[in-house]
Structure formats: C-alpha cells, structure tokens
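Chemist: Below you will find the structure I want to go over with you.
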Amino acid sequence: MTAYIIRRVIAALLLLLVVSAVTFAIFFLLPRLGGQTTTQLATQYVGKDANPESIAAVKRNLGFDLPLYEQYWHFIKAIAVGANYKFGPDASVCHAPCFGYSFKSHIEVWPELKSRIPVTLSLAIGAAVIWVVSGVAIGVLSALKRGSVFDRLSMGVALAGVSLPTFFTGMLALGFFQYNWHIWDNVQFVPISDDPFQWAWNLVLPWCSLAFLYSALYARLTRAGMLETMGEDYIRTARAKGLRESRVVAKHGLRAALTPIVTIFGMDFGLLIGGAVITENVFSFKGIGAYAVDGIRDNDLPIVLGVTMVAAFFIIMCSLLVDLLYAAIDPRVRYS
C-alpha cells in the first residue's frame with residue numbers, strides 16, 4: 001500500500017508540472033504563434049489605455065524578450081519562491097506562492113484567491129455531502145424497488161434535476177424562499193468562525209440548488225450500477241450462504257457499485273473547488289469562480305492564469321485522493 005501511495009503521489013507531482021507547462025503555453029506561447037508581438041501581449045496585461053512606460057515594464061517583468069524556456073523557468077520559480085516586479089523607481093513583491101500579479105490593480109492574485117477559497121470550499125463541501133448521501137441513497141432504493149412507484153417517481157425527479165441548469169434552480173430558489181416567502185431574507189456568506197449557525201443557514205439555498213443537479217446524476221448512476229451488480233453470481237452466492245439482505249446490499253452490492261461513483265465524485269468535487277462559477281454568481285458569493293469571471297470581464301489575464309493554476313491543483317489532488325480510495329474500496333487495485 002505504501003509503494004502504491006508513493007507511485008500515485010509522484011505521478012500527481014509530474015502531472016502538476018505538465019499542467020503548469022500547458023498553462024504557460026496557453027497564455028504565453030499560443031498568442032505568439034497566433035502572430036501577436038511581445039508589445040501586444042504585454043498590452044493585454046496592463047489594459048487598452050496603457051502608456052509605453054507601463055508596457056515596457058510588463059515586458060521586462062515577465063521576460064517577454066527572453067527565450068521561452070527562460071520565461072517558463074521564471075514562471076515556475078515565481079510559484080515556488082515569489083517574484084519582484086519593478087516599475088521605474090518603485091518595486092512590487094509577489095510573495096510565494098506567486099500565482100500571478102495583476103498589473104492593472106497592482107495586487108497579488110494568491111492573497112485574493114486565499115481569501116475566497118473558504119467561500120468556495122464551504123459551498124462545495126456542503127453541496128457534495130448532500131448530493132452524495134441523497135443521490136446514492138435514492139439510487140440504491142430505486143434499484144432495490146425496481147418498477148415500483150418510488151422508483152418511477154424518483155427517476156422522474158432525477159430526470160428533471162439533470163435537465164434543469166443550476167442558474168435556473170438557483171434563481172427559482174431565491175424567487176420563492178427569499179422574495180416571496182422571506183424565509184432566507186439575506187443570503188450572504190458568513191465565515192464559519194464568526195457564526196457557525198448563520199454560516200450553515202445562509203448556505204442552505206446554494207447547497208440545495210447545486211446539489212439538486214448532482215444528486216440526480218448520482219441517483220441515476222447508482223441505480224444503474226446496483227441493478228448490474230445485484231444480478232451478479234457472487235450476490236446469489238452470498239444470499240445462498242444465508243447472509244442478511246442488508247449485508248448483501250451494503251457490503252457486496254453497494255461496495256462494487258461505488259467505483260464509478262468515486263471516480264465521478266473526485267472530478268466533480270475538484271471542479272467545484274476550482275470554482276462553482278454559476279452558483280457563486282447567482283447568490284453573489286465572492287468565491288474563486290466569481291473571481292475568475294471578474295478577471296475575464298476585466299481582461300485581467302494574471303487573474304485568469306492564477307485561477308487556472310489553483311483550479312488545476314485542486315482537480316489533480318482530488319484525482320489523487322480518488323486513486324487512494326480505489327485501493328481502499330477494491331483490494332485488487334493495491335496489487336495491480
């Protein structure tokens with residue numbers, strides 16, 4: 001097991017390096033291949049009305065006149081140890097980990113991201129708990145009661161959940177529960193350290209709006225997996241041995257059906273930590289996704305670059321956890 005974990009950690013670190021190279025190529029190499037000059041590329045980082053002095057400072061700070069391999073080295077080095085940017089007699093420091101520096105607002109990207117991560121984490125973790133518990137439970141019950149009224153009704157609701165986009169369910173929830181019924185009059189993020197009850201209460205609507213789509217997907221997936229698993233020979237053997245039905249379902253049926261659930265959950269959760277863009281904007285939460293939208297709207301490329309790197313890190317880490325969970329769920333993985 002230890003050797004397996006070491007192999008997966010090394011593979012994750014290598015993948016992070018590959019992601020950083022691809023991200024660097026998207027933001028620095030592809031524009032040049034498209035015909036942009038270093039001056040045009042620097043102009044995008046400082047704004048349309050930038051003066052020649054600020055453009056020259058950005059070119060010097062980002063090393064646009066250096067070979068690409070040197071630029072990439074400075075890019076990786078800045079993440080590890082930080083970077084210094086000079087603007088005439090003034091200088092700005094981007095502390096490690098330096099995931100970008102906004103030359104428009106002269107603000108480091110990482111401190112802003114760090115202040116927004118708790119918002120996105122709170123949204124993602126709460127919604128993930130709801131959709132996994134409800135989706136898997138409904139999927140298992142639907143498979144065990146195949147063809148019943150509960151099965152047909154739950155799969156109909158799941159089909160509706162898959163069909164309805166998150167922005168629609170979020171706006172619908174705000175319309176009814178905030179504006180019409182005044183149950184949630186002021187939905188805004190409150191740090192859990194300030195007031196745990198208010199933190200959870202204000203996140204109920206975002207959690208449910210986000211979990212509705214995912215729980216529908218997980219219910220359908222769990223039902224399909226359980227129907228396939230419960231028809232296997234080893235399930236009939238377990239029943240023939242006289243095992244309780246609850247043990248057959250939980251240990252032999254559900255455990256085998258969890259493998260695809262774990263795979264999809266790792267990717268979904270990693271993407272959400274990288275920014276629940278639609279939900280954060282619907283409920284006006286200042287999370288990572290909303291920060292990315294602000295960077296795109298303002299054409300502030302360092303912000304987009306920093307969010308991309310942080311989101312990629314979370315997705316890769318969640319993929320690593322999925323690999324480790326595989327080894328815990330299925331012992332055959334440890335010996336493969």
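The values are calculated or read from the model by the stated rules, or taken from the named source; none is laboratory data. Computed from a predicted structure; not experimentally measured. Cβ: placed from backbone, ideal geometry, glycine included. Neighbour counts: every protein chain shown. To get the accessible areas, we keep the full protein, side chains included, count just its heavy atoms, and leave off ligands, DNA and RNA. Shrake-Rupley method; radii C 1.70, N 1.55, O 1.52, S 1.80 Å.
Chemist: Can you go through S246, S284 and tell me which one is among the polar types (S, T, N, Q), on the phi > 0 side of the Ramachandran plot and more than 12 Å from the chain's Cα centre (by Cα)?
Modeler: S284
Chemist: Ok, one more. Given F64, F28, F75, which one is assigned to a loop (DSSP other than H, G, I, E, B) and either surrounded by 11 or more Cβ atoms within 10 Å (Cβ to Cβ) or basic (K, R) (or both)?
Modeler: On the way: F28 fails: assigned to a loop (DSSP other than H, G, I, E, B); F75 fails: assigned to a loop (DSSP other than H, G, I, E, B).
Checking each option against the conditions leaves just F64.
Chemist: Continuing with the same structure: Can you pull out the residues in segment 164-223 that are of a type in the set (F, W, Y) and part of a loop (DSSP other than H, G, I, E, B)? Talk me through it step by step, then tell me what you get.
Modeler: The initial filter retains those residues of segment 164-223 that are of a type in the set (F, W, Y), namely 167-168, 176-177, 179, 181, 184, 189, 197, 199, 201, 207, 212, 214, 218.
Those that are of a type in the set (F, W, Y) and part of a loop (DSSP other than H, G, I, E, B): W181, W184, F189.
Chemist: Being surrounded by 15 or more Cβ atoms within 10 Å (Cβ to Cβ), of a type outside the set (V, I, T) and touching a Phe, Trp or Tyr at 6+ places or on another chain (Cβ under 6 Å) narrows it down to one residue among S54, S20, S92, S102; which is it?
Modeler: S92
Chemist: Further question: Please verify whether segment 306-313 includes one or more residues that are at pLDDT 85 or above, open to solvent by 50 Å² or more (accessible area, probe 1.4 Å) and under 28 Å from L205 (Cβ atoms).
Modeler: no
Chemist: Consider segment 228-242. How many of its residues are hydrophobic (A, V, I, L, M, F, W, C), without any contact (Cβ under 8 Å) to a residue 60 or more places away in the chain and in contact with a helix residue (DSSP H, G or I) (Cβ under 8 Å, 6 or more places away or on another chain)?
Modeler: Taking segment 228-242 first, the residues hydrophobic (A, V, I, L, M, F, W, C) are 230, 235, 238, 240.
Now drop any that are not without any contact (Cβ under 8 Å) to a residue 60 or more places away in the chain, which leaves 235, 238, 240.
Imposing the further condition that a residue be in contact with a helix residue (DSSP H, G or I) (Cβ under 8 Å, 6 or more places away or on another chain) reduces the set to 235, 238.
Final tally of qualifying residues: 2.
Chemist: Next question. When you go through L153, L121 one by one, which is the residue that is touching a residue at least 24 places away in the same chain (Cβ under 8 Å) and either in contact with a His (Cβ under 6 Å, 6 or more places away or on another chain) or of a type in the set (A, V, I, L, M) (or both)? Spell out the reasoning first.
Modeler: Working: L153 fails: touching a residue at least 24 places away in the same chain (Cβ under 8 Å).
Exactly one residue qualifies, and that residue is L121.
Chemist: Filtering segment 105-123 down to residues that are out of contact with any helix residue (DSSP H, G or I) (no Cβ under 7 Å at 6 or more places or on another chain) and not in a loop (DSSP other than H, G, I, E, B), which residue is surrounded by the most Cβ atoms within 10 Å (Cβ to Cβ)?
Modeler: Of everything passing the filter in segment 105-123, E108 is surrounded by the most Cβ atoms within 10 Å (Cβ to Cβ).
Chemist: Condition first: more than 25 Å from I288 (Cβ to Cβ), outside any helix (DSSP H, G or I) and either open to solvent by less than 70 Å² (accessible area, probe 1.4 Å) or modelled with pLDDT of 85 or more (or both). Can you find one or more residues in segment 247-270 that meet it?
Modeler: Checked against the condition, which is being more than 25 Å from I288 (Cβ to Cβ), outside any helix (DSSP H, G or I) and either open to solvent by less than 70 Å² (accessible area, probe 1.4 Å) or modelled with pLDDT of 85 or more (or both), segment 247-270 yields no hits at all.
Chemist: Out of the residues in segment 225-243 meeting the condition of being aliphatic (A, V, I, L, M) and either open to solvent by less than 70 Å² (accessible area, probe 1.4 Å) or within 10 Å of A143 (Cβ to Cβ) (or both), tell me which one is nearest to the chain's Cα centre (by Cα).
Modeler: Step one: filter segment 225-243 for residues aliphatic (A, V, I, L, M), giving 226-227, 230, 235, 238, 240, 243.
So of that shortlist, the ones also either open to solvent by less than 70 Å² (accessible area, probe 1.4 Å) or within 10 Å of A143 (Cβ to Cβ) (or both) come out as 226-227, 230, 235, 238, 243.
Numbers: M226: 27, L227: 30, M230: 33, I235: 36, A238: 39, L243: 40 Å.
Among residues in segment 225-243 that are aliphatic (A, V, I, L, M) and either open to solvent by less than 70 Å² (accessible area, probe 1.4 Å) or within 10 Å of A143 (Cβ to Cβ) (or both), the one nearest to the chain's Cα centre (by Cα) is M226.
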